[in-house]
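Step one of this worksheet: look at the structure below.
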Amino acid sequence: MNAKSLEKEMIALRREFHQIPEVAFEEFKTSKKIKEYLEQFGMKDIKSYASTGIAAVVYGKNPGKTIGVRVDIDALPVTEENEIPYRSTHPGKMHACGHDAHIAIGLGLAKVFYENRESLSGNVKFIFQPAEEGVGGAEPMIKEGVLQNPTVDYMLGCHLWPEIPSPKIDITSGSTFASSDVFQLHIKGFGGHGGMPEKVKDCVYAGAKVAAALKELYFSAPYEKKTVISVCSFEAPSAANVYPASCVIKGTIRTLSEKIRAKVKEDIRSLVTQILDALNIPFELTITPEYPTLVNDDKLLSIMESCAKELFGDEQIIHHGPTMAAEDFAFFTQALPSCHVKIGCGNSECCMPLHNPKFNLDESAIVTAASLLERMILELLKPE
Ligand SMILES: [Zn+2]
Ligand SMILES: [Zn+2]
């Protein structure tokens, strides 16, 4: 069994998917193409989840555990600026996060395992997940039962990462992606004449105080690990001589533990209440949860590290540390023992960050990722 033998096919697949990027829950062409490819080499147990998601199972000849492999399939609302023969044909949409490569990895692995199912003890469930970018496709797929029939014992995933040179592999233990919550604060002032401040409830002043206090809370870093509190939007539309009646502040909270996450939310609530109550200005604060922290299972990660060392040598293993970006693979890590690693896809030509209109990747990383996941699955399915 060797994923490397599919190198050319996986790269061609990545380029095909690169041309048809679709955003969250609109991955209709993508989903159809994934299904067709899987059927073409004979896979039969293919089910739909969460509208555009797909799960396909390779059943080994002998009984054993079931390993889940999750790849995300959505693109971004970005206009591609790369001059490449396989550039996006969908205006305003682009695979700027490398999920096109993730699809190719998933399909390549599915083919390798399907062709070798006779020698397999256990099953491999390939989960092609929509809407990773902000909206969240993992949670609805789990709620719809993607981890059952057959029940998944362990979950694996990866993300190609341009800041890491190919073919290095990041082995970071514990929390590797941050939790994400968004907050919205609506401050309800009383508008009026710019020349008569004594007659208004000044929501611009109140909002500025809150924004400054949240930044100071971030700077003072009272939490154990690196925690982010970012005010990213401040809207108080008005004219130069008119106090607006209300203002809206929006931002994001990122943490590396669920305990700190709860504490930060509590602190923000009490800080906002304290400032605005003192000014006697009514407000409405909503904090909406997005993704939890992505926490790697220690045992699985150490097996992954051994597999990576065996395949690529000790010198290719790095400990990049956590990122404050969020990843909804985190919902799988909450549901069952899981492991997610970053695979270097940067080189001297491919150095643009993820989500950039000129992002591209070193395609050799596709083989690196597929080979590593293949080895890891075989290790986990070794008959006891
Ligand atoms: Zn992304
Ligand atoms: Zn991504």
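Taken over region 202-223, the criterion of being open to solvent by 70 Å² or more (accessible area, probe 1.4 Å), farther than 18 Å from Asn280 by Cα and assigned to a helix (DSSP H, G or I) is satisfied by Lys215, Glu216, Tyr218, Phe219, Ser220.
Restricted to region 79-100, and to residues that are near ligand 2 (Cβ under 10 Å from one of its atoms) and among the small types (Gly, Ala, Ser), which residue is nearest to Glu16 (Cα to Cα)? My answer is Gly98. Screening the candidates Pro197, Pro162 for the property of being touching a Leu at 6+ places or on another chain (Cβ under 9 Å) and farther than 20 Å from Thr255 by Cα yields one hit, Pro162.
Part of a helix (DSSP H, G or I), away from ligand 1 (no atom under 16 Å from the Cβ) and surrounded by fewer than 21 Cβ atoms within 10 Å (Cβ to Cβ): is that true of Pro150 in this structure? Answer is no for this residue. One residue is enough: does region 348-371 have a residue meeting the conditions out of contact with any Leu (no Cβ under 7 Å at 6 or more places or on another chain), closer than 30 Å to Arg261 by Cβ and of a type in the set (D, E, K, R)? Taking every residue of region 348-371 in turn, none turns out to be out of contact with any Leu (no Cβ under 7 Å at 6 or more places or on another chain), closer than 30 Å to Arg261 by Cβ and of a type in the set (D, E, K, R). Take the residues in region 317-335 that are assigned to a loop (DSSP other than H, G, I, E, B) and open to solvent by less than 20 Å² (accessible area, probe 1.4 Å), then tell me which one is nearest to ligand 1 (Cβ to nearest atom). In this case the residue turns out to be Glu327. Just to be sure before I move on: is Gly251 open to solvent by less than 70 Å² (accessible area, probe 1.4 Å), touching a residue at least 24 places away in the same chain (Cβ under 8 Å), closer than 16 Å to Phe183 by Cβ and assigned to a helix (DSSP H, G or I) in the structure I sent? When the stated conditions are applied, Gly251 does not pass them.
Any residue at all in region 108-122 that's within 16 Å of ligand 2 (Cβ to nearest atom), part of a strand (DSSP E or B) and of a type outside the set (S, T, N, Q)? No, region 108-122 has no match at all.
Only one of the numbered conditions (1) under 30 Å from Cys350 (Cβ atoms); (2) in contact with an Asp or Glu (Cβ under 7 Å, 6 or more places away or on another chain); (3) open to solvent by 10 Å² or more (accessible area, probe 1.4 Å); (4) more than 13 Å from ligand 2 (Cβ to nearest atom) is violated by Leu76, and that is (4). Among the residues examined, Lys199 qualifies as over 17 Å from the mean Cα position of the chain (by Cα), under 30 Å from Leu276 (Cβ atoms) and open to solvent by 10 Å² or more (accessible area, probe 1.4 Å).
So that you can scan it fast, the table gives a plain yes or no per residue for (1) among the aromatic types (Phe, Trp, Tyr); (2) within 16 Å of ligand 1 (Cβ to nearest atom); (3) surrounded by 24 or more Cβ atoms within 10 Å (Cβ to Cβ):
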site	(1), (2), (3)
Ala101	no, yes, yes
Leu107	no, no, yes
Glu118	no, no, no
Val124	no, no, yes
Glu132	no, yes, yes
Met155	no, no, yes
Lys168	no, no, no
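If you go through region 224-244 one residue at a time, how many are open to solvent by less than 50 Å² (accessible area, probe 1.4 Å) and of a type in the set (Gly, Ala, Ser)? Qualifying residue count for the region: 3. Out of Asp297, Asp328, Asp314, one residue alone is within 18 Å of the chain's Cα centre (by Cα) and either under 20 Å from Pro165 (Cβ atoms) or within 16 Å of ligand 2 (Cβ to nearest atom) (or both). It is Asp328.
The values are calculated or read from the model by the stated rules, or taken from the named source; none is laboratory data. Nothing here was measured: the structure is a model prediction, and the numbers come from that model. Here Cβ is always computed from backbone atoms with ideal geometry, including for glycine, and neighbour counts include all displayed protein chains. Surface accessibility is based on the protein's heavy atoms, side chains included, excluding ligands, DNA and RNA. Shrake-Rupley method; radii C 1.70, N 1.55, O 1.52, S 1.80 Å.
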